[in-house]
Amino acid sequence: MEYRIKKSIASQIKETYAIEGEDAFNNIDIDCAEGINIVSFSDAAIDAFNSIDYTIMKDYPHSLTVKKAIADFWEKYTDTKINDDNIVLCDGSIAALFLINKLFIENGDKVLGLAPQFPEYGTDVEMVGGVFDTYTLKPENNYKFIADEFIDMITDDLKLIYLDNPNNPTGQIMPIEDIEKVLKAAYDKNVVVLVDEAYGDYMDSKNSAVTLVPKYENLIVTKTFSKAYGLAGLRGGYIVQNENLTKAMKNINTPYEMTSVTRAVAAKVVGDYDFLVEMRKANAEMKSKIVKDYKNLSISENGDTVSIMMVTHKNKDIDLEKEFAKLKIGVISCASFKSVGKNSIRFRFPSPEYLPRLIEASEIIDNIE
């Protein structure tokens with residue numbers, strides 16, 4: 001049978017660094033690959049799991065407690081007022097990104113993003129029939145985002161702009177002032193800006209684009225509980241946006257996103273601000289021990305408190321992922337990210353006890369010419 005699959009999907013080969021299979025790390029002692037938090041864990045999450053009544057699973061998820069908890073968090077710690085109509089619950093932030101593309105992208109629509117950047121988003125733009133253009137983060141600028149250069153690329157024919165903050169894979173934090181500059185320029189051209197904050201809880205909450213949602217109707221922010229909160233297995237995330245966008249999104253979203261268990265846990269975890277502060281401090285301490293001047297390795301622009309960073313070897317023929325694998329350390333190759341290659345890797349901090357081995361491995365690989 002010849003399946004009449006949508007041409008924009010059938011013609012694509014999806015690039016992903018997602019790892020599937022229980023044996024994926026059989027030859028790895030230290031996992032620095034997937035973007036999860038194994039440096040620390042919220043006691044509130046443990047308490048939440050222990051207090052779950054299993055009978056909540058017999059009903060469809062109706063509780064809005066998690067939305068109230070989210071709104072309370074942003075008002076308490078950033079003085080940002082949002083309500084239920086600004087929040088859409090999702091099964092992780094990647095589901096949120098796909099939902100947004102479904103809402104906006106028609107055949108031929110243009111989206112502007114970055115290179116390198118979370119690759120699955122750009123792939124999905126193309127899968128739904130859009131065109132994904134990029135502003136390249138330049139090695140001569142240590143891959144730093146230059147807002148004015150990016151703004152020069154904003155044109156009337158764009159449908160969406162996609163920024164991830166902190167950036168994946170570099171781990172750099174874009175200042176909220178730069179995000180606002182982009183928002184203003186995009187608003188003048190009737191373009192919506194999507195800010196993916198999958199790693200956003202690794203930066204100060206006041207730097208989040210959520211704080212700008214009441215001010216800019218052309219802003220969508222996606223959040224997740226998978227990264228900093230260490231709840232990747234629960235598949236919980238949410239969107240913060242103008243209430244008119246939420247109304248339109250209800251036409252295409254499923255009615256029961258985010259399971260009852262996830263809602264119950266997330267509602268109690270999202271307000272654990274002390275955990276976030278301590279987690280950021282722990283990351284900054286670990287990063288201070290590994291960031292230094294190397295001979296052949298270089299570390300891209302990155303935020304001190306962010307758990308991920310991009311490392312590049314001068315020799316473009318070096319497969320950096322394989323070199324770390326030889327030392328039994330799992331990392332993510334940047335070969336699937338636009339504008340960088342196999343000589344770059346993204347790694348995420350391991351448990352603190354493994355940091356000395358990661359430092360030692362970096363020094364060994366740095367001596368490879």
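Every number in this text was worked out from the coordinates using simple rules, so none of it is lab data. From a predicted model like this one, the values you see are computed outputs, not experimental measurements. Here the Cβ positions follow ideal geometry from the backbone for every residue, glycine too, while neighbour counts run over all protein chains shown.
Computed values, structure above
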item: Helix-only mean residue ellipticity at 222 nm for the chain, each DSSP H run of n ≥ 4 adding -39500 (n - 2.57), per residue, nearest 500; result: -9500 deg cm²/dmol
item: Cα-based convex hull, the stretch 48-136, per residue volume (Å³, whole number); result: 169 Å³
item: Pairwise Lys count, the stretch 269-369 - Cα closer than 21 Å, eight or more residues apart or different chains; result: 23
item: Gyration tensor verdict on the stretch 200-275 (Cα atoms; rounded if a/c is under 1.5, prolate if a/b is larger than b/c, oblate otherwise); result: oblate
item: Kyte-Doolittle at least 1.6, axis length at least 15 Å by Cα - qualifying DSSP helices, the chain; result: 93-104
item: 4 °C / 1.567 mPa s Stokes-Einstein diffusion coefficient of the stretch 244-289, Kirkwood radius on C-alpha pairs, µm²/s; result: 94 µm²/s
item: Phi-based couplings in Hz for the stretch 233-241 (Karplus 6.51, -1.76, 1.60; Gly and Pro marked x); result: x, 7, 6, x, x, 7, 10, 10, 6
item: Radius of gyration and maximum dimension Dmax of the stretch 133-238, Cα, Å; result: 13.9, 40
item: Packing-based ranking, highest mean first, of 106-115, 337-346 given that Cβ atoms within 10 Å are counted; result: 337-346, 106-115
item: Packing-based ranking, highest mean first, of 183-192, 209-218 given that Cβ atoms within 10 Å are counted; result: 209-218, 183-192
item: Convex hull (Cα only) mean projected area of the stretch 279-369, reported in nm² to one decimal; result: 5.5 nm²
item: FRET efficiency estimate (nearest 0.05) - Cβ-Cβ, V277 to Y60, R0 30 angstrom; result: 0.25
item: DSSP bridge pairs, the chain: antiparallel proportion in percent, nearest 5; result: 50 percent
item: Among beta bridges that DSSP assigns inside the stretch 180-247, antiparallel share in %, nearest 5; result: 55 percent
item: Entries in K76/K223; K67/K250; K7/K223 that, when Cα-Cα distance is taken, lie over 19 Å; result: K7/K223
item: P(r) tail fraction, the stretch 211-369 - alpha-carbon pairs more than 22 Å apart, %; result: 57 percent
item: Computed over the chain: relative contact order in percent, which uses C-alpha pairs under 8 Å that are six or more apart; result: 25 percent
item: Where Rh is the Kirkwood radius over Cα pairs, Rg/Rh for the chain; result: 0.96
